[in-house]
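Student: The structure is given below, and queries will be raised subsequently.
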Amino acid sequence: MTAIVEIRGLSKVYASGTAALSDVNLDIREGEILALLGPNGAGKTTLISIVCGLVTPSSGRVSVGGHDIVRDYRAARALIGLVPQEVSVEPFAPVWTTVSFSRGLFGRPRDDAHLEKVLRALALWDKRHARNNELSGGMKRRVLIAKALAHEPRVLFLDEPTAGVDVSLRREMWDVVRQLRDSGVTIILTTHYLEEAEQMADRIGVIDKGRLLLVEEKAKLMREFGRKRLTVELVAPLAALPESLAARGLAVSEDGTRVTYDYDTRAERTGIAHLLAAFAAEGIAVRDLSTRQSSLEEVFLRLVEENA
Ligand SMILES: Nc1ncnc2c1ncn2[C@@H]1O[C@H](COP(=O)(O)OP(=O)(O)OP(=O)(O)O)[C@@H](O)[C@H]1O
Ligand SMILES: [Mg+2]
């Protein structure tokens, strides 16, 4: 797959002396959804702002669709849509005007049918004559997305698109983003909702303290860094763990009917067979077994801790 955005050796030191990005290398593949995860202040917005030409890099280079973002700024920028982290829309302008003006800014010819499609997809069609200051916070955020899509970008950056958006609306927005991806738009989003990255992303990048710690296929990441938890349900409650089982890092539920065991899926021996043999040897009858893969949230916290 070809890279639509190429980032090489990118660093940023702000005038204040803050090193916000250090030697970031990243290829964003055409047509993918890439989720960037990282704690507050990790450098996510800085990275997006540099690609979109809002912040100048200290060193390194970036190209979008083969256009260098500094030398060939206009051509690069025309391919990009940006939904910024901060909600900022002209308060007294009607939704329709906001969105069509944005298209004009990129020198694109008027296309009311495209704008209608965008507004309908974002459930804003009924609000097209409303002024931005008459909209709810979640609606304003959707206006920002409509604005970013007005000029038909090939790459869309969404910087925390669903912050402050309620759960059902968030799901609708995920659908919209997926539809966009299906129509061929490459999408880079940042989010603090790990469930969002888990649901949406093809690949996940983790940034911490200005460094890109890894970029990986979501499925591979979950498999390789994930742990699994085995839950053993017992026929009769245990008062305490027998000696022979005590050293295995097991946890017993308060009522004594469930024992949990966390294991690393990367380990050659997971220890499950031994564990079950030990249960049998102690005469502990097992009613049921289940395993659960750790969530992206757990994977993410482990990664950031390992690199602390
Ligand atoms: N305009 C600026 N001038 C000086 N420092 C800045 C500026 N913008 C960001 N920073 C600093 O750069 C670092 C990275 O900030 P950035 O906004 O990129 O983080 P982020 O990953 O987007 O965080 P969040 O999840 O909170 O949005 C932080 O230490 C921040 O204080
Ligand atoms: Mg940010």
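Student: Which ones in the stretch 86-100 are over 28 Å from Thr191 (Cα atoms) and open to solvent by 30 Å² or more (accessible area, probe 1.4 Å)?
Tutor: Selection gives Phe92, Pro94, Thr97.
Student: Also, I was wondering about something else. Taking the stretch 166-219, which residues are more than 16 Å from ligand 2 (Cβ to nearest atom), in a helix (DSSP H, G or I), closer than 14 Å to Phe300 by Cβ and not acidic (Asp, Glu)?
Tutor: Lys218
Student: Taking the stretch 292-308 on its own, how many of its residues are assigned to a strand (DSSP E or B) and either at pLDDT 85 or above or surrounded by 14 or more Cβ atoms within 10 Å (Cβ to Cβ) (or both)?
Tutor: 1
Student: Follow-up. Give, as residue ranges, the strands (runs of 3 or more DSSP E) completely inside the stretch 1-76 that count at least 1 residues that are among the hydroxyl-bearing types (Ser, Thr, Tyr).
Tutor: 3-13, 19-29, 59-64
Student: Can you tell me how many residues within the stretch 45-56 are open to solvent by less than 30 Å² (accessible area, probe 1.4 Å) and not hydrophobic (A, V, I, L, M, F, W, C)?
Tutor: 2
Student: Which of the residues spanning the stretch 57-78 are surrounded by fewer than 19 Cβ atoms within 10 Å (Cβ to Cβ), without any contact (Cβ under 8 Å) to a residue 24 or more places away in the chain and not charged (D, E, K, R)?
Tutor: Gly66, His67, Val70, Tyr73, Ala75
Student: Separate question: Is at least one residue of the stretch 184-201 farther than 25 Å from Ser88 by Cβ, buried (at least 22 other Cβ atoms within 10 Å of the Cβ) and modelled with pLDDT of 90 or more?
Tutor: Yes: the stretch 184-201 contains one or more residues that are farther than 25 Å from Ser88 by Cβ, buried (at least 22 other Cβ atoms within 10 Å of the Cβ) and modelled with pLDDT of 90 or more.
Student: Let me ask something else about it. Please go through the stretch 151-165 and pick out each residue that is in a loop (DSSP other than H, G, I, E, B) and of a type in the set (A, V, I, L, M, F, W, C).
Tutor: Ala163, Val165
The values are calculated or read from the model by the stated rules, or taken from the named source; none is laboratory data. No experiment lies behind these values; they were computed from the predicted model shown. Cβ: placed from backbone, ideal geometry, glycine included. Neighbour counts: every protein chain shown. Calculation scope for accessible area: heavy atoms of the full protein, side chains included, ligands and nucleic acids excluded. Shrake-Rupley method; radii C 1.70, N 1.55, O 1.52, S 1.80 Å.
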